[in-house]
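**Student:** What follows is a single structure, and I will ask about it in a moment.
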Amino acid sequence: MLARRLRLLPGSLQRALCAAETGEGAARPAPRPQPPLEPALLGILVCPLSKKPLRYEESTNELINEELGIAYPVVDGIPNMIPQAARMMGKEKQEKDSEQT
């Protein structure tokens, strides 16, 4: 059906639409830098599981619960505090600690 509609368009427009749909010929936009977390939010937010304060890790753009070893992602400046969205950090923390000693 799309092919039928494309035939009605001028040739240059057909090529542009096809290239846009397949991603050919167009420069891909650079990934947007994640906005930082508002400092005022950090004083309010706590882990929904342990109710303990969280630490913001700027390099990974995550809120870290050191006690439970989990990290909540921050997407477009909004913390995703759903436990199922959290990432377990147990092995990474152990590896980091062993590298420092």
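The values are calculated or read from the model by the stated rules, or taken from the named source; none is laboratory data. Because the structure is a prediction, the values reported are computed rather than measured. A quick note on method: Cβ atoms are made from the backbone with ideal geometry, for glycine too, and the neighbour counts reach across all protein chains shown. These area figures cover heavy atoms from the full protein model, side chains too; ligands, DNA and RNA do not enter into them. Shrake-Rupley method; radii C 1.70, N 1.55, O 1.52, S 1.80 Å.
**Student:** Do you know which of the residues in region 42-63 that are of a type in the set (D, E, K, R) and assigned to a strand (DSSP E or B) is most open to solvent (accessible area, probe 1.4 Å)?
**Tutor:** 55
**Student:** Starting from region 45-69, take each residue that is over 12 Å from residue 89 (Cβ atoms) and list its partners that are among the charged types (D, E, K, R) and buried (at least 18 other Cβ atoms within 10 Å of the Cβ), counting only C-beta distances under 8 angstrom and pairs at least six apart or across chains.
**Tutor:** From region 45-69, the pairs are 56/62.
**Student:** Now for a different question. In region 64-75, how many are assigned to a strand (DSSP E or B) and open to solvent by 60 Å² or more (accessible area, probe 1.4 Å)?
**Tutor:** Summing the residues that are assigned to a strand (DSSP E or B) and open to solvent by 60 Å² or more (accessible area, probe 1.4 Å) in region 64-75 gives 1.
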